[in-house]
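Before I ask anything, here is the structure I am working with.
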Amino acid sequence: MAFRQGNEMSEDQAALIDEISEVLEGVLSRRIELKPEMNIVNDLGLDSIAVMNFTMALEDKFDISIPLHDMASVVTVQDLLRTIETLRSDA
């Protein structure tokens with residue numbers, strides 16, 4: 001899997017995207033194939049309740065706390081990857 005701009009995803013990022021997909025599938029009860037450039041709300045059709053459930057499930061899965069100001073800047077799956085990686089490295 002590669003980014004559209006030609007940047008290759010690292011193995012760690014690919015594994016993280018798989019874990020995020022599993023969490024999202026648990027929240028939505030349907031199969032999801034995530035790509036880094038996907039818009040979380042528009043492309044995945046999440047409403048505000050689904051976003052909150054998804055956020056809480058991510059926090060549980062990765063044992064992190066995602067501050068609201070960080071979540072507000074998350075638009076794409078790639079943004080979410082960066083946010084989770086940052087929060088995990090700060091822990």
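The values are calculated or read from the model by the stated rules, or taken from the named source; none is laboratory data. Small disclaimer: the values here were computed from a predicted structure and weren't measured. Here the Cβ is made from the backbone with ideal geometry for all residues, glycine too, and neighbour counts use every protein chain on show. These accessible areas exclude ligands, DNA and RNA; they are computed on the full protein's heavy atoms, side chains included. Shrake-Rupley method; radii C 1.70, N 1.55, O 1.52, S 1.80 Å.
Would you be able to tell me the number of residues in region 32-67 that are polar (S, T, N, Q), touching a helix residue (DSSP H, G or I) at 6+ places or on another chain (Cβ under 9 Å) and more than 12 Å from L80 (Cβ to Cβ)?
2
What pairs come up if the first residue lies in region 61-84 and is on the phi < 0 side of the Ramachandran plot, the second is among the aromatic types (F, W, Y), and their beta carbons are under 8 Å apart, counting only those six or more places apart or on different chains?
As it stands, the answer is Q78/F3; I84/F62, since those pairs meet every condition given.
So, one more: Take residues that are open to solvent by less than 40 Å² (accessible area, probe 1.4 Å) and tell me which of the helices (runs of 4 or more DSSP H) falling wholly in region 1-81 contain 3 or more. Don't jump to the end; show me each part of the working.
Working: elements: 11-28, 48-62, 68-72.
Of the helices (runs of 4 or more DSSP H) lying wholly inside region 1-81, those with at least 3 residues that are open to solvent by less than 40 Å² (accessible area, probe 1.4 Å) span 11-28, 48-62.
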